[in-house]
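K.L.:
There's a structure below that I have some questions on.
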Amino acid sequence: MPACARARLTGGDRARITARPTNREKIPLMRAAVLREAGHLGVEEIDVPVPGPGEVRVRLRATGVCHTDRTIVEGKVPVPLPMVLGHEGAGVVDAVGGGVTDLTVGDHVVLTITPGCGMCRQCQLGAFALCAVAAPHLLDGRLSNGQRRLTRGAERLNHFAMQSSFAEYAVVERRVAVRVPDDVPFDVACLTACGVSTGFGAAVLRAGVGFGETVLVIGVGGVGLAAVLGAVTVGAGRVVVADRSAAACQLAADLGATDTIVVDGDGAGGGGLAARVRALTGGGVDVAIDAVGTAGTVAAAFTALRGGGRAVVVGVADARAKVSIPLYHLIDQRVLTGSTNGNIRPHVDIPRILDLYRAGRLPLDRLVTRRHPLENIGRAMAELGVRPGRAVITF
Ligand SMILES: NC(=O)c1ccc[n+]([C@@H]2O[C@H](COP(=O)([O-])OP(=O)(O)OC[C@H]3O[C@@H](n4cnc5c(N)ncnc54)[C@H](O)[C@@H]3O)[C@@H](O)[C@H]2O)c1
Ligand SMILES: [Zn+2]
Ligand SMILES: [Zn+2]
């Protein structure tokens, strides 16, 4: 603890803030889930961050719990520690830094993981997830402008995915905060920060599922269920899902999947799945989406395609996996590719997805199967892959 007094932020403190309080002033505190070493994610009181120029502070109201957070907790992807995790945040703009003129206190926002800079070659080509400026900051502990704003007294903490939403407040660069309509519940809006954008976008934008096409989705957790919804939204024909969990398959069926395959043993990567899907669909699917991400599931997705079909990998269960595919499957014009965050253009596609929800045409609320306070973050993570649907932390 620093020598100066520390206290909770009050309503009166929320305004245009441009400078950190001096040592003599009180430093407001907030609760945040901090990863200090692999396997240990604990809720602590840290300083409420102060936005710098071009940044905004958001009072988080909800944040989804994505499997990628668990992958980081498990130490499977190296990140600088200590780090405040969470990357599916939604909330209310609470303070704006200097130079921010197009967002105001009270605006509702979703925090995108692929803000892009808008100016680099990749952004100009529409590939925001590959932005030369922002993308390197996804895992390096910094905001999209390279700054760090999280502290606990004299100690600096790292950001995750340019936002760190497992906390009562997040400071982000303005372009991370996507303005969304006030009438969307925060526990629905937050899903579009990552999981829903990733699954929906993988089907609709990256794979470009067309009406009547057959689709296979492997792994129907938060991301895979959104892929099912995306395929259904654009009028896919058969939508086959495969998962270890019968409950996940049932939820997928409730959301429009036409065929469910509960896999066991090694899961969908254990062989046999592709043959079953090929038999079921008369020679293979048009599109396969792998929302698990092992060498085996990628091979299953690719092998389940018809000639000329497209496989999109979004799951990263094994970041070091190497994939081997028969050369002739390429000659047969199958496509194997991947996607970060469903190739969305955040400030266009997040509002579009939420407009479909508002119109009653995309039941995103049915993905939210449990709500927890921040203190239950460990339990929410343990439930991934055990209980179907998405867990949301509400504040
Ligand atoms: N590319 C991206 O931009 C991006 C974005 C978000 C998440 N992800 C990744 O996508 C994956 C899914 O994330 P999620 O939040 O939906 O996870 P989740 O835990 O909610 O769902 C995973 C589902 O896969 C099933 N599963 C696990 N292993 C399986 C196997 N071998 N065979 C069949 N089913 C299996 C589980 O039962 C569960 O239903 C994770 O690897 C996550 O890191 C990638
Ligand atoms: Zn995610
Ligand atoms: Zn860019």
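K.L.:
Scan segment 288-321 for residues that are at positive phi and either open to solvent by less than 20 Å² (accessible area, probe 1.4 Å) or under 23 Å from the mean Cα position of the chain (by Cα) (or both) and jot them down.
P.N.:
We begin by selecting, within segment 288-321, every residue at positive phi; these are 293, 308.
Within segment 288-321, just Gly293 meets the criteria.
K.L.:
Just to check your reading of the model, which residue among Val79, Val92 is under 23 Å from Asp187 (Cβ atoms), more than 15 Å from the chain's Cα centre (by Cα) and open to solvent by 10 Å² or more (accessible area, probe 1.4 Å)?
P.N.:
Details: Val79 fails: under 23 Å from Asp187 (Cβ atoms).
That would be Val92, the only listed residue that is under 23 Å from Asp187 (Cβ atoms), more than 15 Å from the chain's Cα centre (by Cα) and open to solvent by 10 Å² or more (accessible area, probe 1.4 Å).
K.L.:
Additional query: Can you work out which of the residues in segment 108-152 that are part of a helix (DSSP H, G or I) and over 16 Å from the mean Cα position of the chain (by Cα) is farthest from Val178 (Cα to Cα)?
P.N.:
Arg121
K.L.:
Contact list please: Cβ distance under 6 Å, first residue in segment 108-132 and in contact (Cβ under 8 Å) with a residue 60 or more places away in the chain and of a type in the set (Gly, Ala, Ser), second residue open to solvent by 30 Å² or more (accessible area, probe 1.4 Å) and within 10 Å of ligand 3 (Cβ to nearest atom), pairs at least six apart or on different chains.
P.N.:
Correct list of pairs: Gly116/Phe128.
K.L.:
Right, here's the next one. Looking at this structure, is Gly221 more than 16 Å from ligand 3 (Cβ to nearest atom), within 20 Å of Ala246 (Cβ to Cβ) and open to solvent by 10 Å² or more (accessible area, probe 1.4 Å)?
P.N.:
Numbers: more than 16 Å from ligand 3 (Cβ to nearest atom): yes; within 20 Å of Ala246 (Cβ to Cβ): yes; open to solvent by 10 Å² or more (accessible area, probe 1.4 Å): yes.
Judged against the criteria, Gly221 is a match.
K.L.:
If a residue has to be open to solvent by 20 Å² or more (accessible area, probe 1.4 Å), under 25 Å from Ile27 (Cβ atoms) and not polar (S, T, N, Q) to count, how many in segment 101-145 make the cut?
P.N.:
3
K.L.:
Please indicate, with yes or no, whether at least one residue in segment 257-279 is crowded, with 20+ Cβ neighbours inside 10 Å and under 27 Å from Asp349 (Cα atoms).
P.N.:
Yes, because at least one residue in segment 257-279 is crowded, with 20+ Cβ neighbours inside 10 Å and under 27 Å from Asp349 (Cα atoms).
K.L.:
Go through segment 173-207 and count every residue that is within 16 Å of the chain's Cα centre (by Cα) and more than 24 Å from Gly221 (Cα to Cα).
P.N.:
Residues that pass the stated criteria total 3.
K.L.:
Out of all the residues in segment 251-258, is one or more of a type in the set (Val, Ile, Thr), more than 20 Å from the chain's Cα centre (by Cα) and over 20 Å from Arg390 (Cβ atoms)? Steps first, answer last, please.
P.N.:
Keep residues of segment 251-258 that are of a type in the set (Val, Ile, Thr), which gives 258.
Checking which are more than 20 Å from the chain's Cα centre (by Cα) leaves us with 258.
Of the ones still in play, those that are also over 20 Å from Arg390 (Cβ atoms) are 258.
Yes - at least one qualifying residue is present in segment 251-258.
K.L.:
Based on this model, can you work out whether Leu191 counts as within 11 Å of ligand 1 (Cβ to nearest atom) and either open to solvent by less than 10 Å² (accessible area, probe 1.4 Å) or part of a strand (DSSP E or B) (or both)? Show your work before the answer.
P.N.:
Details: within 11 Å of ligand 1 (Cβ to nearest atom): yes; either open to solvent by less than 10 Å² (accessible area, probe 1.4 Å) or part of a strand (DSSP E or B) (or both): yes.
Yes, satisfied.
The values are calculated or read from the model by the stated rules, or taken from the named source; none is laboratory data. Everything quoted here is computed from the prediction, not taken from an experiment. Reconstructed Cβ throughout: ideal geometry from the backbone, glycine too, with neighbour counts over all protein chains shown. Quick note on the areas: whole protein, heavy atoms, side chains included, nothing else; ligands and nucleic acids left out. Shrake-Rupley method; radii C 1.70, N 1.55, O 1.52, S 1.80 Å.
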